1. Report the extension gain between residue 14 and residue 89 in nm, rounded to one decimal, defined as 0.36 nm multiplied by the number of residues separating them, less their alpha carbon distance.
2. So which of 13/89; 2/91; 4/90 end up more than 18 Å apart by C-alpha?
Amino acid sequence: MKWKEFLKPDSRKVVIFVILLIMEILLSSQIGYICSEEGCYTTSFPLISFILLNILFPTLTITVPFWILDVFILYLLSCLIVRIYDKLKKK
């Protein structure tokens, strides 16, 4: 499978993406704070990219590029879920 085919949107990928996005928004509103040695940070919508990048850059503040990165990560995750489902269905 080529990258173009892997990333091509279809209804299943979009539905899974929207479900993941809604789950992330609800989860980020429940978590509230992430505390480290430098202090506590509030979490908000781009939860995945914030957690991943906060490990590398502890003084991180959330900006628009993190939202874009987060949406991209969620879409890749939905593509991967559909790909795994299709592979398991063939077996």
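1. Gain on extension, residue 14 to residue 89, equals 25.1 nm.
2. With Cα atoms farther than 18 Å apart: 2/91; 4/90.
Every read-out reported here was derived from the displayed coordinates using simple, explicitly stated rules and does not represent laboratory data. Here the structure is a predicted model, which is why all the values come from computation and not from measurement.
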